[in-house]
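Engineer: I have a structure I would like to understand better, so I am pasting it below and will then ask my questions one at a time.
The values are calculated or read from the model by the stated rules, or taken from the named source; none is laboratory data. This structure is a prediction, so every number in the text was calculated from the model and none was measured. Every residue, glycine among them, receives a Cβ derived from its backbone with ideal geometry; neighbour counts consider all protein chains shown. The protein model used for the area step is the full one, side chains on, heavy atoms only, and it has no ligands, DNA or RNA in it. Shrake-Rupley method; radii C 1.70, N 1.55, O 1.52, S 1.80 Å.
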Amino acid sequence: MYTPKNIHTLSHLTQQWLQKEKTPEAVYYATTNIEELRNVLRFHEYQYYVANNPLISDYEYDKLYKLLENTEKAHPELVTPVSPTQRVGNSLNQNFITVPHLVPMLSLENSYNKADLLDWDRKVRELANMPAIEYTLEPKFDGAGISLVYENDVLIRAVTRGDGVEGEDITNNIKQIRSIPLTAPFSKHGIQLIEIRGEVIMSKHAFERYNEKLAEQGLPIMANPRNAASGSLRMKNPKEMAKRKLEAFLYHVSYYTKLPANNTTVSALLQTHAGMLQLLWECGLHAPVKEQKIVQGIDSVIEQVEAFEHLRDTLPYEIDGMVVKVNNLALQDLLGMTSHHPRWAIAYKFKARQATTVLNSVEFQVGRTGAVTPVAKLTPVAIGGVTVSSISVHNEDYIKEKDLKIGDTVLIERAGDVIPQIVKSMPKLRTGHEKPIHFPKNCPVCNCPLFKEEGEAVWRCVNIECKAQVVERMIHFVSKDAMDIKSLGEANVRRFYELGLLRDIPGIYKLDFSAIAQIEGFGKKSIENLQQAIEASKKQPLHRLIYALGIRFVGETTAKTLANAVTHLFDVEKMDTLALQQLDDVGVKVAESVRHFFSNRQNMAMLEELEALGILCFNEKRAEPQTGSLHGQSFLFTGTLTQLKRSEAEAMAEQRGGVIVGSVSSKLNYLVVGEDAGGKLEKAKKINTIKIIDENEFLSLLQQ
Ligand code: IVH
């Protein structure tokens, strides 16, 4: 079994397997050494998901994973339940059985200020009869609590918090979280059975991507990463769960039994909480050892919690406070529990990002796709330094689900930089004067009747001439991620539209600048800037144009996929829904929407007009081939190459499916270094996932 300690042996074995993987006998070899291959894969899962220090590229990992998969397909008798391939279950969760926790999951007492902490410390010292206590501090992860049980080094169960005494068995879903190993060498520490507590979280980044996806599909977005994480745990389909990019932190050992042979030896690690976390870490679990602090006395605790609160926004995940724990486990035992919480730990809660306010009215806004979005107007309230006065309440179902009424007191929340959301209404505070929210039957802008498609929650205005839609489409077209016409912007689009200077998207390229010059606030310089920005947008790459068209369900990623599939925009018109569905991540819904857009005569006339006006409709940089030995690998060249011209080298990498990038970042796979390389090389040295190679190594990479 691997341990994170034998990194050199495993790195060496990885290289051997990567060589073998290329040979025709690879599967044959793997059948006789399958456990070694599995340990190599487990090791890289650990490096990637737990240690945050990947040592091979995703491409290389995928190759080795495929080899294991193929070997197991050819020899099903070799499959074991803890093989890395066994995370992805094929069956749906029918129901979630209720199971007891080995030890009840208590919650923590809360503290909100220095005085609360001092008071708690005084009680601890009195009970312990000690002048000062050694404490540990960890982030209070804002996710969904779980418990894991490993027996004889194998993950046998994962359970939701439930009512604290029993929860639901979510083992199949938890196996989708790559930072939770299916096997862990607890026996090395003399442990036979262990129950571990932790938190499943969704990082801020994954949460934003997830909400973008929901929004693209016209579904209501989630209020915060916590809801997104806890909502995922009980999903029917484990594969869906896998897509959500969840992570876990394991922060507490609630119970363990020792192996019979070990009943006299007690590892030093088992004597303190910090030691326990270290033990978890050494067994390959994602324990917050790097995040944890050990301090002497409550004054240092107070210093640390204050320092951490400032760091809150810089962390990649949400935390809502810190947890302070007595480090010595014997002392923890002595202090014991009340009926609600342990006496040896306390949560220090950061300033709330929730607030209550009153929902005064609801306005209905029409978006570029005709979707009518209700927006709640609130009595302005400050949360986390931002004043919130209106919040989208998404659609009719959402209003029903949250039981919202005009006049209601509502709880709102702002998670980090995320758009504020209504968490819930407070029916208990109702006076009887609250009014129901009536959804309009007709478009609030053009008065056409609204429609709702079967299975959808959104009412739509289907009049594509509707003024609101026309304006919103233009605003989207010029926006930053679309054609990025900076000087135009939302305010000017509205202004020009109201003045009759702009009626549709092609009109952007036919603006009458002499008329604009008459408008107050438009000087010579601002007109020049506007002209330049519009002119520059004509050369935007094709994927931006496709995204700018505002086709339903076509976000930036799908726009790139479409652009990469064609040489000219009009090639998309020739693709039927089946051809479209061959593309990555294009399902029926997206394919139909694309077809719908390109089979509309008005839309095609608009595209022809755009092309005639000089807008680039060609895919100048037809995407790299989807195959090729360097597919998916990114390259950056720095310094002077001696054998190749830089442009030649770049073209060679691209021909084999590589991508050329402009700067050093953690996304870079290879930095190819020529003579007199400078800053880029220095920067790349600090990111240990980047492979730094010279020209010769680059050439031999091309040969492979
Ligand atoms: S220790 C017996 N440590 O906060 C005590 N809990 O409000 C075990 N939480 O139920 C809990 N981060 O779900 C602990 N570093 C951390 C935590 C943490 C988040 C959660 C946990 C707990 C809740 C209490």
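Engineer: Let me confirm something: among V393, V410, V423, which residue is in contact with a strand residue (DSSP E or B) (Cβ under 7 Å, 6 or more places away or on another chain) and surrounded by fewer than 18 Cβ atoms within 10 Å (Cβ to Cβ)?
Structural biologist: Every option except V423 fails the conditions.
Engineer: Let me confirm something: among R197, R234, R209, which residue is in contact (Cβ under 8 Å) with a residue 40 or more places away in the chain, basic (K, R) and away from the ligand (no atom under 15 Å from the Cβ)? Please lay out each step first, then the result.
Structural biologist: Working: R197 fails: away from the ligand (no atom under 15 Å from the Cβ); R209 fails: in contact (Cβ under 8 Å) with a residue 40 or more places away in the chain.
Unique residue meeting the criteria: R234.
Engineer: Return the pairs, sorted by first residue and then second, in which the second residue is within 11 Å of the ligand (Cβ to nearest atom) and outside any strand (DSSP E or B), the first residue lies in the stretch 335-364 and is under 30 Å from H310 (Cβ atoms) and among the small types (G, A, S), the beta carbons are less than 6 Å apart, and the residues are 6+ apart or on different chains.
Structural biologist: A345/L108; A347/L108
Engineer: For the stretch 663-678, give me the residue count where each residue is open to solvent by 60 Å² or more (accessible area, probe 1.4 Å) and among the small types (G, A, S).
Structural biologist: Of the residues in that region, 2 qualify.
Engineer: Looking at the stretch 67-113, which of its residues are closer than 30 Å to Y670 by Cβ and either of a type in the set (S, T, Y) or free of Cβ contacts under 8 Å to residues at least 12 places away in the same chain (or both)?
Structural biologist: T71, T85
Yes/no per residue for (1) modelled with pLDDT of 95 or more; (2) open to solvent by less than 70 Å² (accessible area, probe 1.4 Å); (3) of a type in the set (F, W, Y):
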residue: V458; (1), (2), (3): no, yes, no
residue: V471; (1), (2), (3): yes, yes, no
residue: V478; (1), (2), (3): yes, yes, no
residue: M483; (1), (2), (3): yes, yes, no
residue: L488; (1), (2), (3): no, yes, no
residue: A491; (1), (2), (3): no, no, no
residue: Y497; (1), (2), (3): yes, yes, yes
residue: G507; (1), (2), (3): yes, yes, no
residue: I519; (1), (2), (3): no, yes, no
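Engineer: While we're looking at this one, here's another question. Looking only at helices (runs of 4 or more DSSP H) that fall completely inside the stretch 560-599, which ones have 3 or more residues that are open to solvent by less than 70 Å² (accessible area, probe 1.4 Å) and out of contact with any Phe, Trp or Tyr (no Cβ under 7 Å at 6 or more places or on another chain)?
Structural biologist: Result: 577-581, 588-598.
Engineer: Mind listing whichever residues of the stretch 338-353 are more than 12 Å from the ligand (Cβ to nearest atom) and exposed (fewer than 15 other Cβ atoms within 10 Å of the Cβ)?
Structural biologist: So the first thing to find is which residues in the stretch 338-353 are more than 12 Å from the ligand (Cβ to nearest atom), and the list is 339, 350-353.
Across the stretch 338-353, the qualifying residues are S339, K351, A352.
Engineer: Report yes if K73 is of a type in the set (K, R), modelled with pLDDT under 90 and open to solvent by 40 Å² or more (accessible area, probe 1.4 Å), otherwise no.
Structural biologist: No: the conditions fail for K73.
Engineer: Is it the case that K20 is at pLDDT 90 or above, surrounded by 14 or more Cβ atoms within 10 Å (Cβ to Cβ) and either in a loop (DSSP other than H, G, I, E, B) or not acidic (D, E) (or both)?
Structural biologist: So K20 fits the description; yes.
Engineer: Let me confirm something: among V386, V358, V366, which residue is more than 26 Å from the chain's Cα centre (by Cα) and open to solvent by 20 Å² or more (accessible area, probe 1.4 Å)?
Structural biologist: V358
Engineer: Which pairs turn up if I take residues in the stretch 114-143 that are under 30 Å from A228 (Cβ atoms) and look for partners that are polar (S, T, N, Q) and open to solvent by less than 10 Å² (accessible area, probe 1.4 Å) with beta carbon separation below 7 Å, at least 6 apart in sequence or on another chain?
Structural biologist: T136/N327
Engineer: Which residues, taken from the stretch 142-181, are within 23 Å of K243 (Cα to Cα), away from the ligand (no atom under 16 Å from the Cβ), open to solvent by 10 Å² or more (accessible area, probe 1.4 Å) and among the polar types (S, T, N, Q)?
Structural biologist: Passing the criteria: T171, N172, Q176.
Engineer: Are any of the residues in the stretch 27-44 open to solvent by 50 Å² or more (accessible area, probe 1.4 Å), modelled with pLDDT under 90 and of a type outside the set (V, I, T)?
Structural biologist: No; the residues of the stretch 27-44 include none that is open to solvent by 50 Å² or more (accessible area, probe 1.4 Å), modelled with pLDDT under 90 and of a type outside the set (V, I, T).
Conditions tested, residue by residue: (1) within 28 Å of N442 (Cα to Cα); (2) assigned to a loop (DSSP other than H, G, I, E, B); (3) aliphatic (A, V, I, L, M).
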site	(1), (2), (3)
M474	yes, no, yes
K480	no, yes, no
E490	yes, no, no
R494	yes, no, no
S514	no, no, no
I519	no, yes, yes
R544	no, no, no
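Engineer: Okay, moving on. Go through (1) open to solvent by 20 Å² or more (accessible area, probe 1.4 Å); (2) in a helix (DSSP H, G or I) for V103 and report which single condition fails.
Structural biologist: Condition not satisfied by V103: (2).
Engineer: Further, regarding this structure: Looking at E212, E208, E168, which one is among the acidic types (D, E) and touching a Lys or Arg at 6+ places or on another chain (Cβ under 9 Å)? Steps first, please.
Structural biologist: Details: E212 fails: touching a Lys or Arg at 6+ places or on another chain (Cβ under 9 Å); E208 fails: touching a Lys or Arg at 6+ places or on another chain (Cβ under 9 Å).
Only one candidate passes the filter, namely E168.
Engineer: Which ones in the stretch 315-339 are farther than 18 Å from R353 by Cβ and not in a strand (DSSP E or B)?
Structural biologist: Of everything in the stretch 315-339, those that are farther than 18 Å from R353 by Cβ and not in a strand (DSSP E or B) turn out to be N327, L329, A330, L331, Q332, D333, L334, L335, G336, T338, S339.
Engineer: Check whether at least one residue in the stretch 256-276 is within 15 Å of the ligand (Cβ to nearest atom), in contact (Cβ under 8 Å) with a residue 24 or more places away in the chain, among the aliphatic types (A, V, I, L, M) and open to solvent by less than 20 Å² (accessible area, probe 1.4 Å), and report yes or no.
Structural biologist: There is at least one residue in the stretch 256-276 that is within 15 Å of the ligand (Cβ to nearest atom), in contact (Cβ under 8 Å) with a residue 24 or more places away in the chain, among the aliphatic types (A, V, I, L, M) and open to solvent by less than 20 Å² (accessible area, probe 1.4 Å).
Engineer: What tally of residues in the stretch 126-141 results from selecting those that are surrounded by fewer than 17 Cβ atoms within 10 Å (Cβ to Cβ) and not charged (D, E, K, R)?
Structural biologist: 5
Engineer: State all residues of the stretch 372-383 that are open to solvent by 20 Å² or more (accessible area, probe 1.4 Å) and either within 16 Å of the ligand (Cβ to nearest atom) or within 26 Å of the chain's Cα centre (by Cα) (or both); if no residue qualifies, say none.
Structural biologist: Across the stretch 372-383, the qualifying residue is only T373.
Engineer: Sticking with this structure for a sec: Please list, ordered by first then second residue, the pairs with beta carbon atoms under 6 Å, 6 or more apart or interchain, first in the stretch 655-682 and closer than 17 Å to T642 by Cβ, second among the acidic types (D, E).
Structural biologist: Final answer for the pair search is V673/D694.
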